[in-house]
1. Name the long-range amide H neighbours of B:Leu221: under 5 Å, sequence gap of 5 or more, or other chain; modelled H, no Pro or chain starts.
2. Translational diffusion coefficient, Stokes-Einstein: compute it for chain B using the Kirkwood radius over C-alpha pairs as Rh, at 37 °C and 0.692 mPa s, and state it as an integer in µm² s⁻¹.
3. Determine ³J(HN,Hα), in whole Hz, for all residues of region A:128-143 in sequence, where each value follows from phi through the Karplus function 6.51 cos²θ - 1.76 cosθ + 1.60 and θ = phi - 60°; x replaces Gly and Pro.
4. Is there a quick way to get the dipole size of chain B? I mean about its Cα centre, with the Cβ of Lys and Arg at +1 and of Asp and Glu at -1; what is the value in debye to the nearest 20?
5. If you take each beta carbon of peptide B:102-115 and count the beta carbons of other chains within 10 angstrom, what is the mean?
6. How high is the relative contact order of chain A, in percent, with contacts defined as C-alpha pairs under 8 Å that are six or more residues apart?
7. Say the dipole of region A:37-242 comes from +1 at the beta carbon of Lys and Arg and -1 at that of Asp and Glu; which of A:Ala103, A:Gly181, A:Ile93 then lies farthest toward its positive end?
8. Using the Cβ atoms and a cut-off under 15 Å, what net charge is assigned to the surroundings of B:Asn24, where Lys and Arg are +1 and Asp and Glu are -1?
Amino acid sequence: MLSRPTLLKILSTLIVFGAWEIAGRIPVSYAFPTFIESMQALARMTFDGTLFTAYGETLKPLVIGILISTVLGISIGLAIGLSGWFDWLMSPIFIVMQAAPLAALIPLLVMAYGIGLTSKVFVVCIMAMPVIVLNTSSAVRNTPSSLKEMGRSFLGSDLEIITKIIIPSASPIIFSGLRLGVSAGFIGAILSELKITPTGVGDIITYSRSIADYPSMYAAIFSIILLAVLFLNLLETIENILFEGNNRGYVSD
Amino acid sequence: MSQTKEAFAKATALDTEIAVSTRNICKNYGAVEALKNLSLDFPRGQLTSLLGPSGCGKTTLLKIIAGLLEPTSGEVEVNGRLVTGPGPNRAFVFQDFALLPWASVMRNVAFGLELRGVAKSEREAIAERYIREVGLAGFEKSFPHELSGGMRQRVGLARALSVDAKVLLLDEPFSAVDEQTRRKFQEDMLNLVAHENKTFIFVTHSIEEAVFISDQIAILLPRPSRVSEIIRPTGFRNRDMGNIRRDPEYLDIVDQIWASLRSYVE
Ligand SMILES: Nc1ncnc2c1ncn2[C@@H]1O[C@H](COP(=O)(O)OP(=O)(O)OP(=O)(O)O)[C@@H](O)[C@H]1O
Ligand SMILES: [Mg+2]
């Protein structure tokens with residue numbers, strides 16, 4: 001027997017795919033293929049290996065960028081949340097970064113770092129890091145002060161108070177920042193392939209569009225969305241394993 | 001009234017050793033004068049209540065004694081040594097429980113020991129004993145949100161007891177429980193005071209509660225906060241617990257405290 005949430009997920013997926021198929025058959029636009037055509041293209045690209053070579057390219061800046069953003073973003077966010085001085089120094093940078101129009105920055109990045117991997121990693125980081133930093137710092141700042149006081153009164157060291165009280169208490173919001181950051185990182189990775197040099201999945205999208213092979217183009221877009229969803233689910237699983245008790249609700253007076 | 005006077009007479013002939021003493025404590029929060037020139041001694045092995053209207057600085061005083069807040073001026077001594085911060089000789093029971101929501105009852109109770117670096121098996125053995133003592137046996141694996149308010153409060157109490165500090169600071173520990181449970185807790189508290197050789201500093205809003213469980217009651221008045229009276233109920237302390245509430249001295253003291261506090265309750 002499937003659980004209710006799973007059932008709902010399957011149902012909503014079916015509705016979306018059904019709507020896609022119908023829209024493709026009307027057709028809404030001659031450039032909009034049906035769901036089945038797109039899936040056929042996806043299967044073809046999977047079996048002839050095109051997709052794997054493409055992801056080999058795309059995942060490099062994506063994974064590197066997300067790893068950097070996660071490690072650096074959480075550390076900087078912690079520092080900002082813990083120290084007013086650091087907040088003053090760093091917060092404005094990330095607020096500007098989050099607000100900045102990325103497309104306008106790309107030419108600058110290309111000028112500074114060329115069209116290689118470095119620029120693409122930068123794009124992923126610029127997309128992913130601000131939300132991770134800002135979520136982490138606000139979660140850390142909002143740790144209930146009575147919990148911190150409790151830690152001090154039972155003689156916890158500063159480090160223990162950070163690792164045993166502040167981080168676990170902030171973890172739900174840190175993880176929601178990570179989820180947002182990772183989604184933004186995916187957008188950044190594809191954007192960099194569309195705007196800097198067409199490689200990987202971005203190349204499939206650009207190329208199929210130029211030869212009007214719309215099913216392949218949509219298949220590539222679909223695959224990246226699928227990958228992002230799988231990745232986010234993985235993240236949720238990790239969170240549940242690491243901070244089991246946080247699913248158990250909060251106690252207030 | 002005569003019995004009350006008698007109690008006051010005894011109060012002056014104080015011979016117990018002093019465990020905690022506060023001298024000329026002032027505490028300002030910006031423009032708010034929370035405490036002004038407050039001096040108070042807490043005898044060893046006894047329970048002292050801080051009683052007073054809301055906002056008169058009871059929590060503030062307790063946190064200053066705990067070393068969690070710096071007084072603006074004045075000093076606190078515990079066992080003759082000046083307090084500069086939290087120490088192993090004091091444990092705090094928080095008004096809002098301060099339990100870790102992601103940790104089981106067992107981990108919460110053992111958390112004080114965990115922070116002191118006690119090994120896991122050892123601290124869990126100690127925690128288990130105190131979980132039983134506060135009547136939560138069987139709930140070791142529960143999480144705080146699965147407990148009632150009164151049970152959460154008892155988790156906080158067990159945590160403070162398990163670090164075996166000589167001075168226990170309790171900030172309205174029974175505020176979250178119903179009247180029946182409250183009476184039961186008060187009796188448990190009297191047993192605790194009788195059997196553990198600890199000094200209890202106990203904040204409460206309830207006049208009856210203060211008179212029932214205290215060896216000494218300090219009445220605080222607000223703006224600026226100061227100790228207005230110290231009352232030592234002595235006559236009924238050695239009687240059977242069930243009869244305390246019928247004791248004329250008990251009733252007299254309750255009346256007298258109400259008379260001095262009523263002008264502050266509009
Ligand atoms: N962190 C703070 N910042 C500013 N003012 C504060 C702060 N904490 C307490 N106060 C003020 O100090 C006064 C005393 O507060 P305190 O919490 O000690 O009162 P209390 O006697 O414990 O009250 P209650 O019985 O309601 O718990 C109050 O008037 C309050 O407004
Ligand atoms: Mg208070």
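No lab work stands behind these numbers, since they all come straight from the coordinates. Note that the structure is predicted; figures quoted are calculated from it, not measured. Here the Cβ is made from the backbone with ideal geometry for all residues, glycine too, and neighbour counts use every protein chain on show.
1. Excluding prolines and chain starts, which carry no amide H, the hits are B:Arg226, B:Ser228.
2. D = 172 µm²/s.
3. 8, 5, x, 5, 5, 4, 5, 5, 4, 5, 6, 5, 5, 4, 8, 4
4. 400
5. Partner-chain Cβ atoms within 10 Å, mean over residues of B:102-115: 4.
6. Dividing the mean separation by the residue count of chain A yields 25 percent.
7. Result: A:Ile93, furthest along the dipole toward the positive end.
8. Net local charge, B:Asn24 excluded: -1.
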